[in-house]
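Participant: Take a look at this one; I'll ask things after.
The values are calculated or read from the model by the stated rules, or taken from the named source; none is laboratory data. Small disclaimer: the values here were computed from a predicted structure and weren't measured. Cβ sites come from the backbone with ideal geometry, for glycine too, and all protein chains shown count toward neighbours.
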Amino acid sequence: MPTYDYVCDGCGHAFELFQPMTENPKKTCPSCKKKKLRRLIGAGAALVFKGSGFYKTDYRSESYKKGAAADSGGDTKPAGKQGGSSSDGGGSGGGSSKPASQGD
């Protein structure tokens with residue numbers, strides 16, 4: 001449900017009202033009780049990402065990433081797909097899938 005801005009042309013009282021889009025605009029001012037209430041046109045709502053971790057390339061498709069790598073001429077691989085060091089938290093390395101302390 002959106003928040004609408006209202007202003008009274010009679011007394012100048014301005015306020016915000018949280019109401020469904022299907023509900024008709026209010027006409028009576030809660031302050032002076034005159035029928036001079038007007039709903040203002042707002043800028044609208046937008047999707048806003050706040051905090052760290054949101055980048056424009058986070059959700060790109062694999063075909064886009066391959067095309068971008070070909071355009072740049074470099075051998076750029078997506079994060080997590082590079083060989084060598086493992087970031088899965090295994091720690092011991094060696095490629096063994098068994099736990100380190102098996103007690104044979």
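Participant: Among the residues of region 27-42, which ones are of a type in the set (D, E, K, R) and over 14 Å from Pro2 (Cβ atoms)? It would help to see each step written out before you state the result.
Facilitator: As a first pass, look at region 27-42 and keep what is of a type in the set (D, E, K, R): 27, 33-36, 38-39.
Those that are of a type in the set (D, E, K, R) and over 14 Å from Pro2 (Cβ atoms): Lys27, Lys33, Lys34, Lys35, Lys36, Arg38.
Participant: From Gly93, Gly42, Gly89, Gly84, grab the single residue that is surrounded by 10 or more Cβ atoms within 10 Å (Cβ to Cβ), part of a loop (DSSP other than H, G, I, E, B) and at pLDDT below 90. Can you show your working first?
Facilitator: Numbers: Gly93 fails: surrounded by 10 or more Cβ atoms within 10 Å (Cβ to Cβ); Gly89 fails: surrounded by 10 or more Cβ atoms within 10 Å (Cβ to Cβ); Gly84 fails: surrounded by 10 or more Cβ atoms within 10 Å (Cβ to Cβ).
Checking each option against the conditions leaves just Gly42.
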